[in-house]
Amino acid sequence: MLPEGSIRVEHAWKRFRTYRGRRLLRDRVENRVAKLRGKVPRHNPWRWVLRDIDFEITPGEAVGLVGVNGSGKSTLLKIISQVMFPHSGRIETNGRVGALLEVSSGIHNDLTGRENIAVYGSLLGISRRDVALRFDDIVAFAELERAIDQQVKFYSSGMKMRLGFSIAAFLEPRILLVDEVLAVGDSAFQQKCLDRMRDVLTSGATLILVSHDLASIGAVAQRGLWLSDGRLAADGPIDYVLGEYRHKIEAITEARSLETVGRIQVRDLRVEGPDGRIPAANEPCRISFTAVSDFDHRCSLFIGASQGTSTPIWVKRFVTVLPTGESRVTLALPRLPLPFGNYTLYFGAFGRGRAELSPWQPVGQLSVTGLKMDPTPPAIVRLAPYYVDGTWTLE
Amino acid sequence: MTDSHIADTGAADSGDVAEPVSIRIRPEALGELPDSPPAALRFRRGLELRRALRELRGTPEIVRSLAERELRSRYAQAILGFTWNVLQPLITVFVFAAVVDRLDAKIATGGVPYALFVYLGQLPWTFFSSSITNGSNALVANTALLNKVYAPREVFALGSLLTRVVDTLCAAAPLALFFIADSRAPRFPESLWAIPLLAILVLFTTGLTMLLSVLVVYARDVRHAIPVIVQLLYFLTPVLYGFDRLHFLTPTIYSALNPVAAVIDGLRRSVFFGEAPLTGPTVAAAISSVIVLVLCYMGFKHFEQGIADVA
C-alpha cells in the first residue's frame, strides 16, 4: 500500500482511435469484408497517446507537467484520476483525488451555486456535513457571496471558473490535479489560486499542475515532468525540466527561422560579451548584424530578446536611414539585463506610418552565462527574467 | 551573515515539503520504444475489495445528491413544479378511460372502476418506462462530469432511478382519491404483496437501465430505439387490460420474458381482490429479474472501462 497522497504510474500505455468521423455500420461491414478477403484495413485505427510513462510521486510533492499541445498531458491526468483506464501498465493512487481538469468541470448550469457545491462535494466523496462546514470558505474564496443562490447559468465564465476551483481546492483533496485553469480569471484571482495551491501543498497534499504558463509552474512546482509525443522526455527538478523544455521550444522556433523574411534581411548575427566571450549577465554586450536592404529606407529597426515566444522581455529601437545594400548595424549594451539562461533574439523593421518592412521574427539565439536571478517568494510568479543589480545593507 | 547561510535556510524550507528529486532524463527511452506495449503489461482492472468497500460507503450520498440535482433542475423554471408528477399520470389515465368508454370496449376488470384498474397498472409501468428512457441517458448527460471527476459510474444510473422512485411515490398519491371515490379500500394484509412485487420491478428496471446507459455512450442509436421499443412493450404489458388478454404463451413463460406483466397482475390481484399473486408467473419474474440484473451489471462493468475514451 502506498503512503497517502502518493501516485505511482508504472509503464502506462494508452491508445485512442484515430478515425472517429464516421462510425456507421456500413463502414464496419466494409472493413470486415476487407479483412475476410485477407486485405489489410485501409489504415491503422489506433494511435498511441501515452507510451511507457513511468514515475512515482511522493506525498506533498508539487509537480509541474509540461509539453506542447497534444503531447498527452490531459490524458495522463485522466488516467491518474481514474476517469480513464490505461491500455497497459499500472496506476496506483492513494487518497482522495480532487481534479480540476477543465474550467467548471462538474458544474451544473441549472442549479444554484449553493446546490452545486453540495453535489460536487458528494461526488468527490465528502459527506454533506463536511461540505457544509467548508461552505463559507468556498463562497468567500470564490467571491460569490451575492450570487451563490443564483443559477449558475447566469454566472459569467469567470465566476464559474472561480466556483469550480474553489470547490476542488477547499474540499481538502489529498491529491489535487489542476489542468490549465489559470488561463481564465483575472490576474488577482490567478494569484489567489497560486496562493491557495501553496496552502494545499503546505497541508501536505500532492499537486500536479498542467499549464502553458511556465512562469506559474516554475513558481509552484518543485519537480517537473515533460511529456513529448506521449513519452516522458524528462523528469527532474522543475528548473531543469523547464530549461530543457524551453530549449526545445527555442530549437523549434530557430528551425522555423533560418532565413529572415521582408525587405530588410539580417545576416551574420553576432552576439559578444566582453573580449569576444559568451555574453554574461549584467556585463557589457554587443549585438551586431549585417542588414541587407532593397532600398534607401527611412525606418525603425527593433531588436528584442524573449524566452522563445514573440513577446519580448526588452526591446531597443534604432531610428535611421538604411541605405540600399549591405550595412553593418551594432547595438552595444553597457549592461545586459538578462540573467543566466537561453533567449531568442527577435528583429523587426518598420517604415513610416508603421509600414512593415520586415515582420517581427526570431533571428538568433542568445545564451547568457554568469549570474542567476534571486528566487521569488513562494508561489509568486515573475513576469519575465530580468537581471537587476543591487546591494543590500543592514544598519 | 554569509551567502551560504542564507542558502541553507532556503533549502531547509523547501526540504520539509518534499524530498529532493533526482534528475531522470530518458534519452534511451526515446526512439527505442517498441510500437506497442508487451502483452504482459496489459492493464487488468483487479477487484480490490478495500477500494470497492470504500467506494460503496460514499455511494448512497452521491446517488442522493444526483437525484436531488435532477429533481431540482427539472422543475427549476416550472411554475407548477412537483405537481406535474401527479398531473402527468392522472391525465394519461383519464384520457385512456375516456377513450375506452367511447369505444365501448369490454375490458374485464372484476368490478373495479376502469380508471382505478388502469391507474394501478400505469404506476409500475411509468416507473419502468421512464426509468429506461431517462436512465439510459444518465451517463451521456453527465459526460462532462464523468470525464473529469472519478466517481463509481453506477451512481449516475442509480441517481436517475432514485428520481423515478420519488416521481412514482408522488404519482401514487391520487390512488387514495380513486379508492375514496369508489368507496373501497385496498385489501389488507394482501396488499403487502406489493413489497416483493415492487422489489422485482426495481431489480429488473435497475439492471436494464444500467446496461442501456452504458450502451448509449457507445452507440447513440440505442437512445433512438428505446422509445419505440417502450411503446411496443406498453401494449405487451397488461396496463390497459388484464393479464388474461395476453395469451401468446403460458403466463409463466410470458412473465419470465416480461416481469413487469407479472408485477402488475400480482398488484391488481392482491390490492383489489385480496388474492395472492399467481405463483408460477411471480417466481418466474423474480428469477428472471435477478438474472437480468446480474448479467446487465456484468455488461455494465465491462463496457464501463472504455467510457471516457468514447464519451
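The values are calculated or read from the model by the stated rules, or taken from the named source; none is laboratory data. Note that this is a predicted model, so its numbers are computed, not measured. Cβ coordinates were reconstructed from backbone atoms using ideal geometry, including for glycine residues, and neighbour counts include every protein chain displayed. Heads up: the accessible areas ignore ligands, DNA and RNA and are worked out on the full protein's heavy atoms, side chains in. Shrake-Rupley method; radii C 1.70, N 1.55, O 1.52, S 1.80 Å.
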Original post:
Can you find even one residue in region A:134-147 that is among the hydrophobic types (A, V, I, L, M, F, W, C) and closer than 29 Å to residue B:309 by Cα?
Top reply: no
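Name the residue, out of B:71, B:103, B:33, B:145, that is within 14 Å of chain A (Cβ to nearest Cβ), over 27 Å from the mean Cα position of the chain (by Cα) and hydrophobic (A, V, I, L, M, F, W, C).
None of the other options fit; the residue is B:33.
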**OP:** Kindly provide the set of residues from region A:94-109 that are under 18 Å from residue B:70 (Cα atoms), at pLDDT below 80 and touching a strand residue (DSSP E or B) at 6+ places or on another chain (Cβ under 8 Å), ordered by number.
**Re:** A:105
**OP:** Output the residue which, of all residues in region B:284-304 that are open to solvent by less than 30 Å² (accessible area, probe 1.4 Å) and over 10 Å from residue B:211 (Cβ atoms), is modelled with the lowest pLDDT.
**Re:** B:304
Subject >> Criterion (within 8 Å of another protein chain (Cβ to nearest Cβ), open to solvent by 10 Å² or more (accessible area, probe 1.4 Å), of a type in the set (A, V, I, L, M, F, W, C) and in a helix (DSSP H, G or I)) met by exactly one of A:132, A:140, A:118 >> reply: A:118
Subject >> Candidates B:161, B:120 - the one that is within 16 Å of residue B:87 (Cα to Cα), hydrophobic (A, V, I, L, M, F, W, C), open to solvent by less than 20 Å² (accessible area, probe 1.4 Å) and in a helix (DSSP H, G or I) >> reply: B:120
**OP:** Among what's in region A:305-320 and is within 15 Å of residue A:342 (Cβ to Cβ) and of a type outside the set (S, T, N, Q), pick the residue that is surrounded by the fewest Cβ atoms within 10 Å (Cβ to Cβ).
**Re:** A:313
**OP:** Mind listing whichever residues of region A:311-346 are within 18 Å of residue A:243 (Cα to Cα) and in contact with a Phe, Trp or Tyr (Cβ under 8 Å, 6 or more places away or on another chain)?
**Re:** A:312, A:313, A:338, A:339
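Would you check which residues across region A:287-302 are surrounded by 16 or more Cβ atoms within 10 Å (Cβ to Cβ) and closer than 30 Å to residue A:388 by Cα and list them?
If the condition is that a residue be surrounded by 16 or more Cβ atoms within 10 Å (Cβ to Cβ) and closer than 30 Å to residue A:388 by Cα, then A:287, A:289, A:300, A:301, A:302 are the ones that fit.
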Original post:
If residue A:198 satisfies every condition in (1) open to solvent by 60 Å² or more (accessible area, probe 1.4 Å); (2) in a helix (DSSP H, G or I); (3) closer than 25 Å to residue A:114 by Cβ but one, which is the exception?
Top reply: (3)
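Could you grab me the full set of residues in region A:143-170 that are in a loop (DSSP other than H, G, I, E, B) and out of contact with any Gly (no Cβ under 8 Å at 6 or more places or on another chain)?
Passing the criteria: A:143, A:145, A:146, A:156.
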Subject >> Condition check for residue B:45: open to solvent by 40 Å² or more (accessible area, probe 1.4 Å), over 15 Å from the mean Cα position of the chain (by Cα) and free of Cβ contacts under 8 Å to residues at least 12 places away in the same chain >> reply: no
Subject >> Qualifying helices (runs of 4 or more DSSP H) (wholly inside region B:197-277; at least 2 residues being touching a residue at least 60 places away in the same chain (Cβ under 8 Å)) >> reply: B:221-235, B:259-273
Original post:
Out of all the residues in region A:237-249, is one or more at pLDDT 85 or above, open to solvent by 40 Å² or more (accessible area, probe 1.4 Å) and away from chain B (no Cβ under 14 Å)?
Top reply: no
**OP:** For residue A:221, indicate whether it is among the aliphatic types (A, V, I, L, M), out of contact with any Pro (no Cβ under 9 Å at 6 or more places or on another chain) and at pLDDT 85 or above.
**Re:** yes
**OP:** Give me a count of the residues in region A:321-358 that are open to solvent by 30 Å² or more (accessible area, probe 1.4 Å) and not in a helix (DSSP H, G or I).
**Re:** 15
Subject >> Single unsatisfied condition, residue B:309 versus (1) touching a residue at least 24 places away in the same chain (Cβ under 8 Å); (2) surrounded by 15 or more Cβ atoms within 10 Å (Cβ to Cβ); (3) not aliphatic (A, V, I, L, M) >> reply: (1)
**OP:** Evaluate the following for residue A:170: is it surrounded by 23 or more Cβ atoms within 10 Å (Cβ to Cβ), more than 13 Å from chain B (Cβ to nearest Cβ) and modelled with pLDDT under 85?
**Re:** yes
